[in-house]
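What follows is a single structure, written as structure tokens, with notes after it.
Nothing in this text is a laboratory measurement; each read-out follows from the coordinates by a stated rule. Just so it is clear, the structure is predicted and the values come from calculations on it, not from any experiment. We place every Cβ from the backbone using ideal geometry, glycine too, and count neighbours over all the protein chains shown.
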Amino acid sequence: MLPVIGIVSRINEEERFANLKLHQEYIDAVIKYKGNPLIICKGSVFNDDEKKRLSYWLKQCDAIVITGGYHPTDYDYYVLEYALKHDLPILGICLGMQVMATYKSKEQLKLIGNNSHLQDNSDYSHYIDIEQDSHLSMILGNNDHIKVNSRHLEYVNSGGLFKVVAKSDDGLVEAIENPNHPFQIGVQWHPESMISYDDKQAKLWQTFIEIASRTCK
């Protein structure tokens, strides 16, 4: 049985009618590494009934991907809290990492002030240094200095409840993790866009799905 991977979707409110927004790359990455994607969608009103609805679908999940976006919401924190409470594997990507870092902490998002980390069309944007012996380093094959892509205007100074395990060459937090779980990891870059040309990022996704499959419902 394939592990069910819940993928947090976003709402695009820029058009006349708000619509669901989720980059195809997230779904394709889950399918490629033998996961069964389940889109977790947000209702227009976040209340107790909405939490019950979300909980129903989260119960079907063996792991959670908290996707990129622009600002953390109560919806994001609810999904994260559920995953933590039920000890699920978590992959937080870009905003997803920021959600993890700001969860139940005083950490706030800050503007970088320039576009140095907003490189939409670049396969690689900058290097990061990864802490040795971290889960992230071991998953990537003990690679402690790698190059990643970058698409963000905001940053965090700390990991909040999570441990900072990577920083960019200009000192910004690039990855955080729970050292007591095999895969509760947040990354500031977009590994879903890199799997076709970077074996390390492919390995990140592959490991995430493999760990989810160990406790597949």
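Number of residues in the range 63-86 that are in contact with a strand residue (DSSP E or B) (Cβ under 6 Å, 6 or more places away or on another chain) and surrounded by fewer than 19 Cβ atoms within 10 Å (Cβ to Cβ): the value is 0. Residues in the range 86-131 that are closer than 20 Å to PRO191 by Cα and of a type in the set (S, T, N, Q): GLN98, ASN115, SER116, GLN119, ASN121, SER122, SER125.
Taken over the range 104-162, the criterion of being of a type in the set (Phe, Trp, Tyr), under 16 Å from the mean Cα position of the chain (by Cα) and over 26 Å from PRO182 (Cα atoms) is satisfied by no residue. Here is the figure for the range 134-167: residues that are on the phi > 0 side of the Ramachandran plot and either buried (at least 17 other Cβ atoms within 10 Å of the Cβ) or without any contact (Cβ under 8 Å) to a residue 12 or more places away in the chain (or both) total 2. Of all the criteria given as (1) touching a helix residue (DSSP H, G or I) at 6+ places or on another chain (Cβ under 7 Å); (2) in contact (Cβ under 8 Å) with a residue 60 or more places away in the chain; (3) not hydrophobic (A, V, I, L, M, F, W, C), the one not satisfied by GLN184 is (1).
Taking the range 102-133 as the range and being buried (at least 18 other Cβ atoms within 10 Å of the Cβ), more than 18 Å from GLY68 (Cα to Cα) and in contact with a Lys or Arg (Cβ under 8 Å, 6 or more places away or on another chain) as the test, the residues that pass are HIS126, ILE128.
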